[in-house]
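One structure is given here, and the rest of the page talks about it.
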Amino acid sequence: MDVLQFLPDLGVGFIGGFIIGWGVKVALKIVAALLALYILSLLYLAKLGVITINRDALLGLLGVMESSLVSFGGQIVGLIHSISLGAGFVAGFIMGFKKG
């Protein structure tokens, strides 16, 4: 079995992983900034007395979102393992995530 036949697959997987990793990191930065802006605006409006915040419900909502993200991450790991281009994809994803 010739190992060189797998090099194109690794290259394509690496490039795809790099692009997706970079995109995911940029998207996460945007989502984090918007979420922070939203929470700060809520705190500002609460300080002015315009609204009241049920802090227990807000923290419960954030906990539900965290558990959803963790379960989604577990599904993505299973999907990557089933792809034949997985090794190159993971390497490219890591590089793209670091650069993004």
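Here, each number is a calculation from the coordinates, and none is a lab measurement. The structure presented is a predicted model; accordingly, all values stated were derived computationally and were not measured. Backbone-built Cβ (ideal geometry, glycine too); neighbour counts: all protein chains shown.
Charge tally for residue 23 (other residues, Cβ to Cβ under 15 Å; Lys, Arg +1; Asp, Glu -1): +4. Working note: Karplus 6.51/-1.76/1.60 with θ = phi - 60° gives the range 43-53 the couplings 5, 5, 5, 5, 5, 6, x, 6, 10, 10, 10 Hz, where Gly and Pro are set to x.
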